[in-house]
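The structure appears right after this line, and notes come after that.
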Amino acid sequence: MTTTDDTPAGPALSSLRRARDRFFSGRPPGDGIPDDLAQAWRRARFFGVPRDLAAPPRARPPVDSSLLAAARPVLDRTAPTLSGALGLVLVDSRCRALWSGGGRYADTPAPDGMAGLDLSEKAVGHNSAALALRTGRRAEVHGPEHFLDLWQEVSAVSVPLYEPTAGRPAGTITVVAPLGEGRTAHPGAALAEATAHAIETELLGRARPPERVLLDAYLRQRAEGAAVVALDGSSRLVSPEAARLLSDETLARLERHATALLRDADTGPDTGPGPSPSPEERAPEEIAVPDGGIPVLEDEIAVPDPDGTGLAVRMTRLVHNGEVIGAVATVCTAARRARSAERRGHDRLPGLVGTSRPWRLAVSRATELARAAEPLLLIGEPGVGKTALARALLGPRDTPAPRVVDAAEQVPGEVPRWCQALAELPESEGYGGAPPLLLRHAERLGQTEVAALLSLLAERPAVPLVATHTPGAPTGPCLSRLLDVLAARSVTLPPLRERVEDIPDLLAGLTRRPSPGRPPLTWSLDARRALEQHSWPGNVAELAHVVREVAERRRATGPVRREELPYGLRVPPATRRLSGIERAERTAILEALRRHGDNKARAAESLGIGRATLYRKLRAYGMDRA
């Protein structure tokens, strides 16, 4: 049975032993035994696994295991620190033991430890390593839950190790220990999680070394048709197009500038007060290189080309694991650079984070519409970022800061007053430099306010107004008419569940700068997967709340693990289609657990049900493994 709670609920060890004895005597194990455990025992019997197996069978070891190569430095550091009978076992994706060390439970029954043994379910029956590989989550198996008699006094916890590029388990790390009194959480769970994270970090570093990152960036720019040069201070990759366009002197200057970028990154140039920009927020760096006697243009490289139209070379820093590893220089004509700058102006607005296609399309469309001084309507679910996008659109204009009016908090009569003030401005003076308007929560406008807006739009259709609207609430005929008027220039923003690939960037942007002496908040692969599986009814605003809650509550160091997330995020999506009543009940249980800090006894009391009933419903909805 998989457990991830500090106080797992389930049958006592004595009950499990009796159920196991009934099972092997040919009788049903009983109603108190979880279905998944009973099914695991049945599978082992179907596979023909003998319960009295003296030792797991041998498996043909892999010739060259990249997992073992990445894990060995971590395991060699960890094994000497193990206390008592704790032991470590590393298995690959086929459940073959690659390495074992530590206490006696990791060294038996084979003379040279468990390395080289087959620990798959077909070979040895139910065990934590096979269960973690199948579910993709941390798994604990205690004593009599094992199928083999051999492991009746052993407790094991396994954490899957994910391949950094494929997103599937490459194996597991298992901590084994003697079975304790009672069925309690495994004492090595934290050790298994920390070891798994260290191994995954090694896998990531080996899978994408800096040289590979540089090559990938070079190939990506070439695929887009650019003339490109990739440099890391000691070597360079030059595309044939770039070789035709740039002189040897210019290439040498680019190489010297790449070396300077690396040197500045090592010494840490003074960036002034405030948080440093993330790698995604840093604008491409354009440098000046005199060439061919042409006057140097500020912040760019000016070089002649055969047609005499001039070229622009733009250099972008490459960041890998938080370090600058090199740069990529792209070459284009001045006309192409102007078009590229215009597109970047549409897609990259200050204060916005996200590179997913739905988000980029929405931002690009909104930017295009905002170029004209006419009303714009931003539509979306609560928390998708309507106000943030509106502020970004209004900020670059050569006008005073926008005036913000929130219909949910407005003073009675405020909207009609500023509508009248705008209507009285001379039209020939372009509203006399009046600040643009940001109207939030248009769905909360009263009938008087809607009437004033409709009157203003009828008289002045080009009023500088950006309004946000959250669908869902019933709209009266007056508000429906206003929305119809604004619909011609409207953009619908995608919810977070449709742009989950933006979550890593959003996490970096939402995390506050740590206090001096504290490491920045980072997120493990398992935690990010849990966040990406969530439906996010509150969208980015809900994600921001989660980030703040985790940062305030956590006391541990290292990346945030799945177990540190609020209960509702640790729970995977429902494995079957739920009825309306079931969805409502599941949501109510998640909310009660969140409200009471995952305390199941208090959550059951607040819901007016018994603790046993709550556990039964958690199992029924697949929520017992969080």
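Quick notes on this structure:
- Applying the set (1) more than 15 Å from residue 117 (Cα to Cα); (2) of a type outside the set (Asp, Glu); (3) open to solvent by 30 Å² or more (accessible area, probe 1.4 Å) to residue 78 leaves exactly one unmet item: (3).
- Residue match in segment 449-458 (condition: surrounded by 15 or more Cβ atoms within 10 Å (Cβ to Cβ) and of a type in the set (S, T, N, Q)): no
- Contact map, segment 474-495: residues that are farther than 30 Å from residue 533 by Cα paired with residues that are in a helix (DSSP H, G or I) and among the small types (Gly, Ala, Ser), Cβ distance under 7 Å, separation 6+ or inter-chain. Pairs shown: 478/451.
- All positions within segment 481-497 that are at pLDDT 90 or above and either part of a helix (DSSP H, G or I) or aromatic (Phe, Trp, Tyr) (or both): 496
- Lone qualifier among 509, 446, 472 - being within 18 Å of residue 412 (Cα to Cα) and out of contact with any Pro (no Cβ under 7 Å at 6 or more places or on another chain): 446
- Any chance residue 408 is of a type outside the set (Asp, Glu), on the phi < 0 side of the Ramachandran plot and modelled with pLDDT under 80: no
- When 51, 96 are screened for being modelled with pLDDT of 90 or more and open to solvent by 60 Å² or more (accessible area, probe 1.4 Å), only 51 passes.
- Among residues of segment 39-48, those that are surrounded by fewer than 18 Cβ atoms within 10 Å (Cβ to Cβ) and either in a helix (DSSP H, G or I) or in contact (Cβ under 8 Å) with a residue 40 or more places away in the chain (or both), counted: 6
- Meets criteria (of a type in the set (Asp, Glu), closer than 20 Å to residue 199 by Cα and either exposed (fewer than 13 other Cβ atoms within 10 Å of the Cβ) or touching a helix residue (DSSP H, G or I) at 6+ places or on another chain (Cβ under 9 Å) (or both)) for residue 64: yes
- For residue 557, the criteria (1) open to solvent by 70 Å² or more (accessible area, probe 1.4 Å); (2) farther than 28 Å from residue 613 by Cα; (3) modelled with pLDDT of 75 or more hold in every case but one, which is (3).
The values are calculated or read from the model by the stated rules, or taken from the named source; none is laboratory data. All values derive from a computational prediction rather than experimental measurement. In this analysis, Cβ positions are derived from the backbone assuming ideal geometry, glycine residues included, and neighbour counts consider all displayed protein chains. The area values use the complete protein model at the heavy-atom level, side chains included, leaving out ligands, DNA and RNA. Shrake-Rupley method; radii C 1.70, N 1.55, O 1.52, S 1.80 Å.
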